[in-house]
Amino acid sequence: MSTDLSMNSSAADAASHSHKFLTIADAAAALRDGSITSVALTADIVEKATALNPALGAYVTITGDAALAQAAAADVAFAAGNDFGPLQGIPLAIKDIIAMKGAGTTANSRVLDPAWGAGTDAPVVARLRAAGSVFVGKSTTSEFALGMPDASKGFPVPHNPWDVERTPAGSSSGTGIAVAAGLALGGLGTDTGGSVRGPACVNGHTGLKVTFGRVPKSGVVPLAFSLDSIGPMARSAYDCALLLEVMAGYDASDPNAADVEVPKYSELLNGDIDGLKIGLPIPYFFDHDQLEPEVRDAVLSGVQQLVGMGATSKEMALPYAAEAKDANMLILGAEAYAYHRNNLVNRWEDYGNLTRPTLARGAFYTAADYAQASRFRSMWSAEVAKAFEHYDVLITPSAPSPAQLVKDMDPSQRLVQPSYTGHWNLTGLPAVAIPSGFTASGLPLSMQIIGKPFAEATVLKVADALQRVTNWHLLHPPVETLYATAA
């Protein structure tokens, strides 16, 4: 793959600043030509993660010794001529609601039984392990993938590496931080209303929400059973394709897992989008009064670049978009409350002070509310399916604004602010968030590409095509600033 780095001189620095900021694809090539070893790569990343974690809060647990042992095994396999694929020897972060051998799963909560998932790999982790991946550690998450951080509970508080006073978004905060700051080359997040795409958006990298059922989610602490998905997070769309090739596929342990063929996604990313039809849903997604102009303009600029590569775009409308956001939140809240109801009664104080009221809100939803939201879900999914009769992808902003200051955040904001991600959990469709530029003050901006069911190859192909002619995904927070913050 070739990427035009002429847009910004700092992009060249990002590409050559040492292997800390390599893409997975570049690291895989370097491991095979012998210019680096997995042990050297992993040791460097573990050292950096250990140094910066107090300031950034990317990891709950750094499994340095185990990671180095995995890296050594990968190097031995390379030396013996055994190549298990492009993820062999690649350091990854695993979100701490996903079971992994050798490290406990906490869901960043004092409530979860410490024995939950002990000594087991979730199917998605087992697949990555079999592919020779290296696990740097368990990355931080919003409590139970929902609540905002409560420092009094003793877990690391995640910070945005571009500005530590700002949110890294949730709930897959730690993996997003790790990818952006070079504390892993990729990793796993989960997405129920935007929890892969939100961190990708504000931390300046790529994050893919997969089709519901595309990746088995057994061995994962649930948030909302009918909405949850596991998705790859990495610098580039190409890297996400490499991860998804290993992650995806049927597993009998997950009743929602889809028995659908898994293509070689990376081989389908060829930069050719000639004739691609893009729909731009203007009402709500592009004209909301809380959408910041810098966000909108960056997305539309990206669309114009795609048009210049042979795609066509057309403005259109999706009815009831605001209601779709509300329906996603209602179903999420009701299903989350159902899972936590007994613990909320018996262990209220053990939950974080911003998690417990968010979960408890579900107690105020009635069976009729849930039934109506489910009816709406079917109607909305049908409307979206009609749109996809005319378009290959839809494109929207990933969020209405760049990363917010933590001091200005309030959980109740979610009820009144627009959101552009939960719509696609409601339909179960794939959607990828990719960098689309930076604000005048230097914060990452992001655009979202949505596709048809199981059309991950299409959304990744569009994202990859844009990343071949832009460099936003290769830029990273200044290393000196990060170390100064840690000091």
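The values are calculated or read from the model by the stated rules, or taken from the named source; none is laboratory data. Owing to the predicted nature of the structure, the values given are computational and were not obtained by experimental measurement. When we count neighbours, we look across all protein chains shown, and the Cβ atoms used for this are built from the backbone with ideal geometry, even at glycine. Protein only, heavy atoms only, side chains kept; ligands, DNA and RNA dropped before computing areas. Shrake-Rupley method; radii C 1.70, N 1.55, O 1.52, S 1.80 Å.
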When the charge dipole of the range 11-486 is computed with +1 at the Cβ of Lys and Arg and -1 at the Cβ of Asp and Glu, the Cα pointing farthest to the positive end, of His340, Leu445, Ile90, is that of His340
Compute the distance in nm between two label points, each set 7 Å from the Cα along the Cα-to-Cβ direction, one at Ala322 and one at Asn82. 5.9 nm
Simple SL model, points at 7 angstrom along Cα→Cβ for Lys264 and Glu480; separation in nm is 4.5 nm
Please give the net charge around Leu318, taking every other residue with its beta carbon less than 11 angstrom from that of Leu318, where Lys and Arg add +1 and Asp and Glu add -1. -1
Mind checking the dipole of the chain: about its Cα centre, +1 per Lys or Arg Cβ, -1 per Asp or Glu Cβ, Debye to the nearest 20? 680 debye
Ranking Asp350, Asp272 from most to least accessible area with a 1.4 Å probe gives Asp272, Asp350
The chain: antiparallel bridges as % of DSSP beta bridges, rounded to 5, reads 65 percent
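How much net charge surrounds Ile90 when only the other residues with a Cβ under 11 Å from the Cβ of Ile90 are counted, with Lys and Arg +1 and Asp and Glu -1?
For residues surrounding Ile90, the net value is -2.
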Paramagnetic reach from Ser374 in the range 332-360 [backbone N under 17 Å; point 7 Å along Cα→Cβ]: 332-339
P(r) of the chain in 10 Å steps, Cα pairs, percent per bin? 4, 22, 34, 27, 11, 1, 0
So how much slack lies between Thr50 and Gln417, counting 0.36 nm per residue of separation and subtracting their Cα-Cα distance, in nm? 128.5 nm
Contact order relative to length of the chain, as percent, for alpha carbon pairs under 8 angstrom and 6 or more apart: 19 percent
Rounded to the nearest 10 Å², what accessible area does Ser195 have for a 1.4 Å probe in the complete protein model? 20 Å²
Could you work out [θ]222 nm for the chain from helices alone, using -39500 (n - 2.57) per DSSP H run of at least four and dividing by all its residues? Round to the nearest 500 deg cm²/dmol. -12000 deg cm²/dmol
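Provide the gained length on full extension for the span Glu315 to Ala360, in nm with one decimal, where the gain is 0.36 nm per separating residue minus the Cα-Cα distance.
Stretched out fully, the Glu315 to Ala360 stretch lengthens by 12.2 nm.
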